[in-house]
Amino acid sequence: MTLKLFDLSGRRALVTGSTRGIGLALARGLAGAGALPILNGRDPDKMAEANRQIGAGDVLMFDVTDHEAARAAIDRYEAEIGAIEILVNNAGIQYRAPLEDFPAEAFERLLQTNVASVFHVGQAVARHMIRRGRGKIINIGSVQSALARPSIAPYTATKGAVANLTKGMAADWARHGLQCNGIAPGYFATELNATLSADPDFTAWLEKRTPAGRWGRVEELVGAAIFLASDASSFVNGQMIYVDGGITASV
Ligand code: NDP
């Protein structure tokens, strides 16, 4: 009975940047709770492969930095196929360089991909959700929503902004029946941080620094996503759930 609170049967869930890594794991996990995943990406071959792995679901091709294309694809899907009831703003990139040498172009690309997309895709989907008086938005932040690390200051700025944009979405849209929250992952060995996972010194540092003593597994983000996508979180608004093995809880 209580488990019904977490049931996502028949709900369409758009996950941006879901051709691999955390996005793909979340799409698969939400599908496991009954949702119909809508995969998103910008490369048709990667999309086809991800869709093959998931088995069932829809595909929405757009680059999250192309705001007009994103909005058009979302409006067309809503008009022709069905309601997007869950949105996971997951697409994101990383770029590492000492702050004094950080290329301006990379800074702009980080802002566009990690923050502006959350605003534009979020707004495009929320307009339909507001009309229906219900919806779930989950923004993917990071440990860097709260803490900095050398060489990734702009990424840190974007993820801090995602946490505050999440609060802003809640402030504006909770009254319309939407729950807007975020998940802040710790360290997960995906392509985004392949440089780090290939470095034994980093892993040794991470295992010491993280109370849980290890890297996270992408499947370990699914529980928080199901909670935030489901009726179980009907009065939760503007929160970030840190799934990080305790790294932000300790010095
Ligand atoms: P990956 O690099 O493994 O995957 C990123 C996904 O986003 C890919 O599917 C990529 O597709 C897609 N993507 C990137 N840019 C765009 C774009 N402009 N339009 C559409 N899709 C795009 O990264 P992760 O899975 O590790 O990261 C996912 C999210 O989680 C990011 O927001 C990241 O910041 C966050 N995060 C990750 C952590 C980790 O430890 N891995 C920790 C904390 C947060 P394509 O192949 O086309 O590039």
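The values are calculated or read from the model by the stated rules, or taken from the named source; none is laboratory data. Every value quoted in this text rests on a predicted model; they were computed, and no experiment measured them. Positions of Cβ are generated from backbone atoms using ideal geometry, with glycine treated the same way; all protein chains shown enter the neighbour counts. Heads up: the accessible areas ignore ligands, DNA and RNA and are worked out on the full protein's heavy atoms, side chains in. Shrake-Rupley method; radii C 1.70, N 1.55, O 1.52, S 1.80 Å.
In table form, for the structure just shown:
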{"quantity": "Model label zone, ASP199; criterion: amide N under 20 Å from point 7 Å along Cα-to-beta-carbon; scope segment 119-163", "calculated": "142-159"}
{"quantity": "Apportionment of accessible area to carbon and sulfur, the chain, percent (1.4 Å)", "calculated": "55"}
{"quantity": "ARG76 accessible area, 1.4 Å probe, all protein chains in place, Å² to nearest 10", "calculated": "130"}
{"quantity": "Among 53-61, 180-188, the order from most to least packed when residues are scored by Cβ within 10 Å on average", "calculated": "180-188, 53-61"}
{"quantity": "Stretchable slack from ARG76 to ASP101, in nm (0.36 nm times residue separation minus alpha-carbon distance)", "calculated": "4.8 nm"}
{"quantity": "Spatially proximal aspartates and glutamates relative to LYS46 (Cα-Cα < 16 Å; intrachain offsets below 8 disregarded)", "calculated": "ASP58, ASP63, GLU191"}
{"quantity": "Angle in degrees between helix 200-209 and the longest Cα principal axis of the chain, rounded to the nearest 10", "calculated": "70"}
{"quantity": "Computed lengthening from ARG131 to PHE235, 0.36 nm per intervening residue step minus Cα-Cα distance", "calculated": "35.5 nm"}
{"quantity": "Gained length - ARG149 relative to ALA212, 0.36 nm times residue gap less alpha-carbon distance", "calculated": "20.7 nm"}
{"quantity": "Neighbourhood net charge (11 Å Cβ-Cβ; Lys/Arg +1, Asp/Glu -1) for ILE130", "calculated": "+4"}
{"quantity": "For segment 60-182: rounded, prolate or oblate by the Cα gyration tensor [a/c cutoff 1.5]", "calculated": "oblate"}
{"quantity": "Estimated [θ] at 222 nm from DSSP helical runs (n ≥ 4, -39500 (n - 2.57)) normalised by residues in the chain, nearest 500", "calculated": "-12500 deg cm²/dmol"}
{"quantity": "Largest to smallest accessible area among PHE235, PHE62 [probe 1.4 Å]", "calculated": "PHE235, PHE62"}
{"quantity": "Peptides 79-89, 115-125, 100-110 ordered by average Cβ neighbours within 10 Å, highest first", "calculated": "115-125, 79-89, 100-110"}
{"quantity": "12 Å beta-carbon shell around ALA184, net charge (K/R +1, D/E -1)", "calculated": "0"}
{"quantity": "Local electrostatic count at GLY216 - Lys and Arg +1, Asp and Glu -1, tallied over other residues with Cβ under 14 Å", "calculated": "-1"}
{"quantity": "On Cα atoms only, tilt of 153-173 relative to the major axis of the chain in degrees", "calculated": "30"}
{"quantity": "nm² value of the averaged projected area, convex hull over the Cα atoms of the chain", "calculated": "13.6"}
{"quantity": "Using alpha-carbon coordinates, inclination of helix 117-132 to the longest axis of the chain, degrees", "calculated": "30"}
{"quantity": "Residues whose placed amide H lies under 5 Å from that of GLY182, excluding near-sequence neighbours", "calculated": "ASN139, GLN239, MET240, ILE241"}
